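The values are calculated or read from the model by the stated rules, or taken from the named source; none is laboratory data. Since the model is a prediction, treat every value here as computed from it, not as a measurement. Each accessible area value is taken on the protein alone, full model and side chains, heavy atoms only, with ligands, DNA and RNA left out. Shrake-Rupley method; radii C 1.70, N 1.55, O 1.52, S 1.80 Å.
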Amino acid sequence: MAAVTIDSLLQNPTLLFRPKAKVMLKPPRSLDCSRNRKLPLSRGSCFCSFNPRRTIHVVRASSSETALIGNFDTSSSDDIFYKDIFPVKRIEKVEGKFFIRLDRSKDQHDWQLTVGCSLPGKWILHWGVSYLGDSGSEWDQPPKGMRPPGSIPIKDYAIETPLKKLSEGDIFHEVEIDFNPSSEIAAIHFVLKDEETGAWYQHRGMDFKVPLVDYLEDDGNTVGAKRGFGVWSGALQQFSNVLLKSEASHADSQNNSIESKDSKNKNRCLEGFYEEQSIVKEVSVGNLVSVAVRKSPETGKVIVCLETDIPGDVVVHWGVCRDDAKIWEIPAAPYPPETTVFKNKALRTLLQPKATGNRSGALFTLDEEHFGFLFVLKLDDNTWLKFKENDFYVPLLGTSSVPGQYGQSDITTEEISSKSYTDGIINEIRNLVSGLSSEKSQKTKTKEVQESILQEIEQLAAEAYSIFRSSITTVPEEVVSETETTKPAVKISSGTGTGFEILCQGFNWESHKSGRWYMELKEKASEISSLGFTVIWLPPPTESVSPEGYMPKDLYNLNSRYGTIAELKELVKSLHEVGIKVLGDVVLNHRCAHFKNQNGVWNIFGGRLNWDDRAVVADDPHFQGRGNKSSGDNFHAAPNIDHSQEFVRKDLKEWLGWLREEIGYDGWRLDFVRGFWGGYVKDYLEASEPYFAVGEYWDSLSYTYGEMDHNQDSHRQRIVDWINATNGTAGAFDVTTKGILHSALERCEYWRLSDKKGKPPGVVGWWPSRAVTFIENHDTGSTQGHWRFPGGKEMQGYAYILTHPGTPAVFYDHIFSHHRSEIANLISVRNRNGIHCRSLVKIVKAERDVYAAIIDEKVAMKIGPGYYEPPSGSQGWSLALEGRDYKVWETS
């Protein structure tokens, strides 16, 4: 299936086209396709073709139109006064297979689980194991000897292993996991991840589970276990009952003590199997739309030739305009064949197949009085193709208009589509409300069903509000200050500090390994201060199940892998002496238990805060809490704390106050704030009165078939909503801006750095004073590398965040690297010109290869390989610094 997703005007476009694709299906080792001459297979592989379902309506043009097409030579005509080629992208859904095979390893002693995928890509196996006697659905990391080369541990519960081609020319990417059948491992669990698109592939919404003992309960996600080749069809049906049976030998006497732990496992044996699953991946395909305009010397008419290599039926939704306002009008006839009028506002023309090549096109004959030709491309009822979220625009007067500089037309298909979409949402809400409030429904619907309907109403209302939100100005206090040029008075607020803060993240993912990180950082205190940093974020200080500190256990035990409580106090004192405020990294969302309850579940806590299972949310099945439902998203690796409990809030407020007084922390970095309501954060901050506080609200940006959407309003809205729930007492990391910078710099699409209102597209464009901008941290970079910033482009990222409003944060690894001097110079420019969290940005250029902005009329900057120089005038700009693909100027 395929769909074009340059700019979808409706949500969830229907997929109508199916491309022809060949997918290699790889059988198990013991199935040799070459032995059966009747099978149309090459040895070791079989091919399946997926034929397209595409209808092409061929409409004959008139003889004059045909002649005109033949005479329109865009390569040589002297009458052509405008030509442009627009690169566009569409997404094809390609179907393939991935297989799971359990068989003896090559040495015949151990066993081997193999997972392979037939589709190209950067495939990762995210996997773990469960052991005999385990309860619940948590994973554990496998023994080190079981991990294939290239495996990376993920926290303390999983492993990620890349799939690779085992030999040159092999169509499958595979990973092989060897294990001893006599071990205590009861099952292997995994999900498949495509790193190119970020998509996860599960089994019926759960992880795949390969049981290695014969008594495990099937939760609906089990694969293998006495299953044959039922997925094969046609000529392979004769193999549908073939099983690759093989028994592991009984463990010898020295292993009897292990097996005696569970009598059901005494006769444990393994049974080989081979199973296939369908998999679908979205693949980006590039196409071109070419436009040429000439004036006919015979008639004086303007003729627009439009062609594209997009396959299938392509409809041009078009009109003309009379001036720069770009208001759509319907021109006078004649029109090309297969043209219809749409709501008296535009015309629609089906492009006709060209006689040669896989192209389609049309000629549009227009009066010379028109200023411009406007169009969008319609591929089906829900899928439209635009250019940078605007209509395609072609000048018709032979002016020197620059291709690609588009304005918004007053009447566009986007407005028509958005209205019908919001009308649909309103109707859905009305229907749900009617169903909920009807007397019959009240009698028949259970409480759970009613809650489900209410949740649906909330989601629909939120979606409708998001559309409304994007059409109005929503910047809180900063809107008032846009006309002001005076420097704001310094006012301390926990959401902003003074407003002139520059944050240093004072650790990375490996910092705990030395065991004396506090002392190492103390030696750098003066150096960090001299670079211009005013605030430093330290790692989590508490005792933790994980060495990095993000799985806290006893909150009052501050002897951690980073150092002792005495060393922590000494570090904080040293930082204060050089004028740096200190943030503690506090994990309030979850806490690891000390003891199991009567069901063997870890949800009873010890230490000074000896909570029972009432402190754990009730809707996380992993930890069987007796509290209320979670007010946010659950973090499944540890018990999620129920902040609605008064005793929990009281204890946490006392703990934060103790940290402020005992250690000397000035504020907080709040971990995983998606997990609980921002109103509780407000309560904690009002009690602990921090100098500065910032929350980590990290979730996925908006993507359409693997390509980041230009409009990320819904993503930044969620972050702004959380900040608003704290009543502005905390800022939040601007994850939106980081994601957009990724896409802009990786793809050379710097136009992404301006939203449709000409403002920065992240949180910094809506609520700059509460946006903590960053390009990397211990999760995204360091040795974890979950979302690493584009390599070699780090300084472009810093040139952006260190010249723009918001509170910029710089990662430790970048400070103490070859980037150090450049970062220091950017900080100097920021401080020298008084750039602060509410500074005003004027975006002057946001094109394919360059972004440029002027901040507070004092600093000008540009990033990208394209050209920009600030305007000459009374300000007298002088170049302050420059580096690879970035420049910064300041007024003389």
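Observations
- Expected-Rg normalisation [2.2 N^0.38 Å, Cα atoms] applied to segment 717-836: 1.04
- Distances between every pair of Cα atoms in segment 545-627, grouped in 5 Å steps from 0 to the bin holding the largest one, split as 3, 13, 20, 19, 15, 11, 8, 6, 4, 1, 0 percent.
- Using heavy atoms of the protein chains and a probe of 1.4 Å, the accessible area assigned to residue 207 is about 30 Å².
- Here segment 93-132 and segment 722-765 have alpha carbon centers that stand 38 Å from each other.
- Accessible-area value, residue 608, 1.4 Å probe, nucleic acids and ligands omitted, Å²: 150 Å²
- Solution diffusion estimate, µm²/s, Stokes-Einstein, segment 140-228, Kirkwood Rh from C-alpha pairs, 4 °C, viscosity 1.567 mPa s: 88 µm²/s
- Its Cα gyration tensor gives segment 781-886 an equivalent ellipsoid, and the semi-axes of that ellipsoid, as √(5λ) in whole Å with the largest first, are 24, 16, 13.
- Within the accessible area of segment 754-830 (1.4 Å probe), percent carbon and sulfur: 48 percent
- Measure of compaction for segment 621-685 (Cα Rg per 2.2 N^0.38 Å): 1.19
- Cross-link pairs beyond the 21 Å C-alpha cut-off, checked among 164/793; 83/757; 144/513: 164/793; 83/757
- Segment 516-577: proportion of alpha-carbon pairs further apart than 18 angstrom, %: 36 percent
- The length gained on full extension between residue 345 and residue 325, counted as 0.36 nm times the residue separation minus their Cα-Cα distance, comes to 5.6 nm.
- With a threshold of 28 Å on the Cα-Cα distance, the over-threshold entries among 295/345; 524/759; 345/738 are 524/759; 345/738.
- Accessible area of segment 825-869 divided out per residue, in Å², using a probe of 1.4 angstrom: 37 Å²
- Given a 1.4 Å probe and the protein chains as shown, residue 677 ends up with an accessible area of around 130 Å².
- Computed over segment 657-764: relative contact order in percent, which uses C-alpha pairs under 8 Å that are six or more apart: 25 percent
- Accessible area per residue for segment 718-760 is 27 Å², calculated with a 1.4 Å probe on protein heavy atoms, without ligands, DNA or RNA.
- Cα-only Debye scattering, segment 558-691: base-10 log of I(q)/I(0) at q = 0.11, 0.12, 0.17, 0.22 Å⁻¹: -0.43, -0.51, -0.94, -1.32
- Taking 305, 748 and ordering them by how much accessible surface each has at a 1.4 Å probe, largest first, produces 748, 305.
- Karplus (6.51, -1.76, 1.60) ³J(HN,Hα), θ = phi - 60°, over segment 788-795, in Hz, Gly and Pro reported as x: 5, 5, x, x, x, 10, 4, 6
- P(r) of segment 286-331 over all Cα-Cα pairs, binned every 5 Å from zero, in whole percent: 5, 15, 17, 23, 20, 14, 5, 0
- Ordered from largest to smallest accessible area (heavy atoms of protein chains, 1.4 Å probe), the residues 545, 648 come out as 545, 648.
- Each part gets one Cα centre, and for segment 559-618 versus segment 669-708 those centres are 19 Å apart.
- Separation between Cα centres of segment 867-892 and segment 316-335, rounded to whole Å: 41 Å
- Taking all protein chains together, 867, 680, 851 sort by accessible area into 867, 680, 851, largest first [probe 1.4 Å].
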